[in-house]
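Take a look at the structure below.
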Amino acid sequence: MITYPLGFAGRTHQTARTRHGWPRALQLAPDLYPGVGGKRFRALLLQQAYAFAGGHGPAPAAIVDAVEMLHAGSLVLDDFEDGSLTRRDQPALHTVVGPARAVNAGNWMYFRALELAGDAVVDPTRSTAVLKKFIEVARQCHEGQAIDLSTRVDEVTPRQARATALAISRWKTGRLVSLATWCGAQAAAGDPKTLRAVAAFGCRVGICLQMKNDLDELVEFVGGADRCDDLRNRRVTWPWAWAADRLHRDGFATLQRRLADPHPDALRALARELLATTRESAASAIHDRLRRARDMLAATTDGATGVSFAEVTGILQVAGQPPPPLQPAVETTR
């Protein structure tokens, strides 16, 4: 982590009169500062991709913080767009400072991420590639969010539920996690084959992360938590996709109709039934997709990974589901 990743990049504005106003103006929650709070899943994955591509020691701090900053900015905007009240057991930023200042702060974090990314790699050609990749991924994440915001689960067929859940996961979470792995390999001067392999691996792992996040929200809500944004907003999530696979079309439609009652008790009962229907499917789906991601990564590199990514894939295991078997590590090649 770099010393002061927020930077408040416009140094010409930091006069004696205005300097004190920057933290107050942006009012970023402590957990949204890069390097603080959250699981730092993307930072961990970036570091392992850096080692995978032949890097030694810690990955460059600026590129790690750039990815974390982009992710944090997306959380600020997503919470506002979803009407979420909390984030990481704290009030969501827009509930503290209001929607206008929260959107301003979230957008600022996107631009600050681009600054950090542009300065992270010394080689001009690679630096340009990193900056271009950040812009591309930010656009793709917004396109995934657009699908998420505009599609209601009570208006789709079972087949559409499955396709939509995959599209949202691939374009939102998948692309951002893919950016982390690609940046790690790029910072280590990985060759094109390695860059493609780790980017594809990151996207597949990102889909698993979204699967687990969707499942965890249901589990926590059934367990007594207040947050149920996905059900309240009628989002197309993986539990609905898994229910579409397990239920007859009429049974799926019955669950959809129950979304008409917005009372928390009714939603909690629906969450309990949805969870009971899909919990076993969830464990298998996440486990199988993680295994395939690792197998495909090993296949594209002839098994010469040298890095097992075991810590990352272990984070995504559902309780009661055994982790995928580890492949023996061998010397890294590029």
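The values are calculated or read from the model by the stated rules, or taken from the named source; none is laboratory data. Since this is a predicted model, take the numbers as computed values, not measurements. No Cβ is skipped: glycine too gets one built from the backbone with ideal geometry, and neighbour counts run over all protein chains shown.
Taking Ala225, is it out of contact with any Lys or Arg (no Cβ under 8 Å at 6 or more places or on another chain), surrounded by fewer than 17 Cβ atoms within 10 Å (Cβ to Cβ), assigned to a helix (DSSP H, G or I) and without any contact (Cβ under 8 Å) to a residue 40 or more places away in the chain? Judged against the criteria, Ala225 is not a match. What about Thr194, is it modelled with pLDDT of 95 or more and hydroxyl-bearing (Ser, Thr, Tyr)? Here the answer is no, as Thr194 does not meet what is asked. Looking only at residues in the range 249-281 that are without any contact (Cβ under 8 Å) to a residue 24 or more places away in the chain and more than 19 Å from Glu220 (Cβ to Cβ), the one that is surrounded by the most Cβ atoms within 10 Å (Cβ to Cβ) is Leu255. Could you tell me which numbered condition Ala53 fails, if it satisfies all but one of (1) modelled with pLDDT of 90 or more; (2) more than 28 Å from Lys132 (Cα to Cα)? (2) is the only condition that Ala53 fails. More than 16 Å from Val177 (Cα to Cα) and not β-branched (Val, Ile, Thr): is that true of Met69 in this structure? No, not satisfied. Within the range 183-201, the set of residues being over 16 Å from Glu136 (Cα atoms) and either polar (S, T, N, Q) or not in a helix (DSSP H, G or I) (or both) comprises Ala188, Ala189, Gly190, Asp191, Thr194.
For the range 235-253, a residue qualifies if it is farther than 15 Å from Arg152 by Cα and not in a helix (DSSP H, G or I), and the qualifying residues are Leu247, His248. Do we have any residue at all in the range 254-263 that's at pLDDT below 90, farther than 22 Å from Gly224 by Cβ and part of a helix (DSSP H, G or I)? Taking every residue of the range 254-263 in turn, none turns out to be at pLDDT below 90, farther than 22 Å from Gly224 by Cβ and part of a helix (DSSP H, G or I).
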